[in-house]
Amino acid sequence: MPDMPSNDIADHEDDAPARVRALFISDIHLGTRNAQATALLDLLRTVDAERIYLVGDIVDFWKVKRGPHWPQPHNDVIQKLLRKARKGASIVYIPGNHDEVLRDYCGMQFGGVRLERNCIHVTGKGQRYAVLHGDEFDVVVRTAKWLAFLGDRGYELALWSNAPLNWVRRCFGLGFWSLSAYLKYRVKSAVSFIGSFEEAVASEARRHAADGIICGHIHHAADRMIDGVHYLNCGDWVESCTALVETLDGEMRIVRWPLARPGMVPEFQLPVGAPA
């Protein structure tokens, strides 16, 4: 397994990837400067999944409208996914709020990728998981979209501030620290919002008569039980570089992928079955 992401799309193409039953990825935000496309490419080269679920906010059309940032790795992610579809992987794309323009095409298939508003994933153990992006349960997105746009710009500003802030920290011999992550996970109102969101999403699983639910949207990977419902969140590929996998044994796990940042010690796990 590589220590850090590679910049060459040809790297690892000939390596035997690790096999999993399913891979769940959300909130890549292609088209933005903060999308960690190179790290995601490394994961896609390393993992061979029978099913791939793209759980929303894959392309950030909000940012694309204002002027996209689209370097080669962003193209490579799209091409890699299409290549996996041609090789037989079943790929389902569930649009989120940042790529909601694609919701008009739900029920259709393009290049081997099927668009769905939501779906049910059945594990090897027979457990049923409802899969959706999750913005349906975000009160701000549903009732005050202008405020959601404003919050998105504020989040971009916080992400941008990470670079100069950590340059100063390195001068003092300190490691990487994310202001945007701190604001999300430490501010009392943000913590309250995440808790309410998770409970609302978990209740949706009961409506689908499902054992659990898999979503994204809040950029916060999670794996926990909420009132008997297995709540799983994919996280994001902007800061945390996390995804979900179902192993060949039918176990659901969080994958934490390394991201090359000055002063950051990568921590990740890839629980998978036998190599292909």
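Please treat every number below as a calculation from the coordinates, not as lab data. For clarity, every value in this text was computed on a predicted model and none was experimentally measured. Don't worry about glycine lacking a Cβ; one is built from the backbone with ideal geometry, like all the others, and counts go over all protein chains shown.
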For the stretch 51-97, what class follows from the C-alpha gyration tensor (a ≥ b ≥ c being the square roots of its eigenvalues): rounded when a/c is under 1.5, otherwise prolate if a/b is larger than b/c, else oblate? oblate
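By how many nm would the segment from Glu199 to Glu50 lengthen if fully extended, with 0.36 nm per residue of separation less the alpha-carbon distance?
Values: separation 149, 0.36 × 149 = 53.64 nm, distance 2.99 nm.
Here the segment from Glu199 to Glu50 would lengthen by 50.6 nm.
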Once the Cβ-Cβ distance between Ile78 and Phe172 is put in as r, and R0 is 25 Å, what FRET efficiency do you end up with, to the nearest 0.05? 0.05
Each label sits 7 Å from Cα toward the beta-carbon; between Val101 and Lys65 the label points are separated, in nm, by 0.8 nm
Place a point 7 Å from Cα of Val122 in the direction of its Cβ. Which residues in the stretch 224-241 have their backbone N less than 20 Å from it? 230
So for the pair Arg114, Met225, with labels modelled 7 Å out along Cα→Cβ, what separation do we get in nm? 3.2 nm
